[in-house]
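Q: This is the structure, below, for whatever I ask next.
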Amino acid sequence: MGIALKKISKSYNGQAVLKNLNLEINRGEFHVLLGPSGGGKTTILSVIAGLIRQDNGDVLIGKRNVSNLSPEKRKIGFVFQDYALFPHLTVFDNVAYGLRVKNVEESEINQKVEYYLSKVSIEKEKGKFSRQLSGGQKQRVALIRALITEPEILLLDEPMSNLDALTKETTGNELKTIQQEMGMTTVYVTHNQDEAILLGDRVSVLNHGEIEQIEAPDELFYHPKTEFVARFVGAKNILKVRIIEINQYGAVAQVNNSGLGQPVQIRVNKYPIFEKGKEINLCIHPEKISLKRENKASDVNLNRIRGKLINKTNNGNGLKATIDTNGMELHATIPKDLFDFKIHEDVWVCFAPDAPHPLCGKKCRAPEAGRRCLVTTQVDRLLGC
Ligand SMILES: Nc1ncnc2c1ncn2[C@@H]1O[C@H](COP(=O)(O)OP(=O)(O)OP(=O)(O)O)[C@@H](O)[C@H]1O
Ligand SMILES: [Mg+2]
C-alpha cells in the first residue's frame, strides 16, 4: 500500500516542525528521508504511524484516510531510533514477540526467528537480554523484530546508525532484498547520504520540516536543485555566473565569484531557465572535475581553468583536492591512481560542459513543474558552437 501525506503541519509550543508537508510514497517503494538533525524526520514517521497527531492535514494509507486510526490499527512495523527493545525479554523472545501476539504456532515461530537471526548474523546472541548487547546488535534485533511480522508498511528510524561500514553494507543489502521480496512500502530515515544512495528508490531531502527535493539517488547526488541539497550531498562547487550567450547548442556563462582576476567564461548545457544576462548559481559535483598538468589541444572539448592545488585529503578510494583558481576555491574528488599532483603545483581544472547545472530551486522539480529542469543538450552538438 502506498502512503500519502497531505498538507501535514505540526508545531510544538508555537514552533513549526512540519510545514504544510506533501509527500506521496508509492506502493512497494523504498523511500529514504534524508536530512540533518532536528529536520523533522522522526516526526514524519511518528505521524505516519499515528504515534503523534498532526495539527492539520491527512495521512492516507492505500486510499484510506487513517488520520483518526490508532497506531495498532494501521498495521505498520516501526524500528525506533532508540531501538525500544523489551528489556525483560531475550533477543529470541523480542524477535518472536510480534508472531506470538498473532498466535502463530511455536514451531513456525522457532523456524522464522532462527531464519531472521541468521540473516543479520546475530544467532549467537539469542539468549541475551538487551542490556547485554552492543548498540549495533540492538539495532539488528530491532530491525528483524519489525521485519518478522511482514508488515505492509515498514518505518525505520536510523536503523543502521551504530553499525560499522561492512556490517552496514551487508545488513543494508539484506534489508533491501527482504524489502523487495516482500514488496513492503518502506520509509527509511537517515542523515547519511551513502545509506540513502545504497538503499533508496527515491530520496526526499528534508530541511526544517520542508521537502527540498524528491529524486532518485543518482539524480539527487549529481543534480541537486537547491544550495541546501547541494551542500548536504557534498556538491560544494557553487559558481555564481551570468549567462552571456545562449545559442542553439548551449550557453556561455561568465563566472562572477569575487576574487577572480580575469573573468572566466565556461560553456554549459542549455537549460529552460537560462536567459541572457541572468545571474544564476551553477553547481558542479566534485567527481565531475578532473585535474591536468598540461593544457592539451585534445582537451579542447573541456572547460579549463588555471589553478593551484592548495590541499589534498584522503577519502577512501579517492583523494579530495582543493584548487585555488585565482581566489575561487574549487573541489575535486579524484581516484587515487590518477592523482600524482603535489601541493602548490599549478594545474588545469577541467570539466565537461554538461557538468555544471543550475541550482534552480524547489519549484523547478518534477513532477509539479510538468517537465524536468534538466535538458541534456547533446554535448557534441554543443561543442560545435
Ligand atoms: N515532543 C516534543 N516537544 C517539543 N519539541 C519537539 C518534540 N519532538 C520533537 N521536537 C522538536 O521537533 C524538531 C524535529 O524533531 P525530530 O525528532 O523530528 O527531528 P529529526 O529530523 O528526527 O532529528 P534527528 O536526526 O536528530 O533524529 C526538533 O527541533 C525537536 O526539538
Ligand atoms: Mg530523529
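Q: Cβ-Cβ distance below 7 Å, separation of 6 or more or different chains: which pairs start in the range 175-191 with a residue that is modelled with pLDDT of 95 or more and end on one that is more than 16 Å from ligand 1 (Cβ to nearest atom) and part of a loop (DSSP other than H, G, I, E, B)?
A: Thr185/Met1; Thr185/Gly2; Thr185/Arg27; Thr185/Gly28; Thr185/Glu29; Thr185/Glu152
Q: Still on this structure: If you take the residues of the range 150-169 that are outside any loop (DSSP other than H, G, I, E, B), away from ligand 1 (no atom under 16 Å from the Cβ) and touching a residue at least 24 places away in the same chain (Cβ under 8 Å), which of them is surrounded by the fewest Cβ atoms within 10 Å (Cβ to Cβ)?
A: Glu169
Q: Any chance the range 219-228 includes a residue that's open to solvent by 20 Å² or more (accessible area, probe 1.4 Å), within 16 Å of ligand 1 (Cβ to nearest atom), aromatic (Phe, Trp, Tyr) and over 18 Å from Phe80 (Cβ atoms)?
A: Within the range 219-228, one or more residues are open to solvent by 20 Å² or more (accessible area, probe 1.4 Å), within 16 Å of ligand 1 (Cβ to nearest atom), aromatic (Phe, Trp, Tyr) and over 18 Å from Phe80 (Cβ atoms).
Q: Assess whether Gln54 counts as being touching a helix residue (DSSP H, G or I) at 6+ places or on another chain (Cβ under 9 Å), away from ligand 2 (no atom under 16 Å from the Cβ) and among the polar types (S, T, N, Q). Give the derivation first.
A: Numbers: touching a helix residue (DSSP H, G or I) at 6+ places or on another chain (Cβ under 9 Å): yes; away from ligand 2 (no atom under 16 Å from the Cβ): yes; among the polar types (S, T, N, Q): yes.
Criteria met by Gln54.
Q: State which residue is farthest from ligand 2 (Cβ to nearest atom) when the search covers only the range 7-19 and only residues that are touching a residue at least 40 places away in the same chain (Cβ under 8 Å) and surrounded by fewer than 19 Cβ atoms within 10 Å (Cβ to Cβ).
A: Result: Lys7.
Q: Of all residues being of a type in the set (Lys, Arg) and in contact with a Pro (Cβ under 9 Å, 6 or more places away or on another chain) in the range 125-149, which is most open to solvent (accessible area, probe 1.4 Å)? Just the residue, please.
A: Arg131
Q: Restricting the search to the range 309-327, which residues are open to solvent by 80 Å² or more (accessible area, probe 1.4 Å) and more than 19 Å from Gly234 (Cβ to Cβ)?
A: Asn326
Q: Quick check on my filter: what residues within the range 292-308 are of a type in the set (S, T, N, Q) and surrounded by 13 or more Cβ atoms within 10 Å (Cβ to Cβ)?
A: Of the residues in the range 292-308, the ones of a type in the set (S, T, N, Q) are 295, 298, 301, 303.
Selection gives Asn301, Asn303.
Q: Oh, and also: Between Val104, Val141, which is in the same structural domain as Val189 (by TED's automatic domain parsing) and not in a helix (DSSP H, G or I)?
A: Val104
Q: For the range 173-232, what are the residues that are farther than 23 Å from Val120 by Cβ and assigned to a strand (DSSP E or B)?
A: Within the range 173-232, Arg202, Val203, Ser204, Val205, Leu206, Asn207, Glu210, Ile211, Glu212, Gln213, Ile214, Glu215 meet the criteria.
Q: May I ask you to list the residues in the range 19-44 that are within 8 Å of ligand 1 (Cβ to nearest atom) and touching an Asp or Glu at 6+ places or on another chain (Cβ under 8 Å)?
A: Lys41, Thr42
Q: Scan the range 1-58 for residues that are among the acidic types (Asp, Glu) and over 25 Å from Glu152 (Cα atoms) and report the count. Outline the logic, then answer.
A: Within the range 1-58, the subset among the acidic types (Asp, Glu) is 24, 29, 55, 58.
The next check asks that each one be over 25 Å from Glu152 (Cα atoms); those that pass are 55.
Of the residues in the range 1-58, 1 are among the acidic types (Asp, Glu) and over 25 Å from Glu152 (Cα atoms).
Q: Being open to solvent by 80 Å² or more (accessible area, probe 1.4 Å) and part of a helix (DSSP H, G or I) is the filter; apply it to the range 43-101 and report the residue that is farthest from Leu147 (Cα to Cα).
A: Within the range 43-101, the match that is farthest from Leu147 (Cα to Cα) is Lys73.
The values are calculated or read from the model by the stated rules, or taken from the named source; none is laboratory data. In this text, all values refer to a predicted model and were calculated from it rather than measured experimentally. Methodologically, a virtual Cβ is constructed for each residue, glycine included, from the backbone with ideal geometry; neighbour enumeration extends over all protein chains shown. Surface areas here come from the heavy atoms of the whole protein model, side chains and all, with no ligands, DNA or RNA. Shrake-Rupley method; radii C 1.70, N 1.55, O 1.52, S 1.80 Å.
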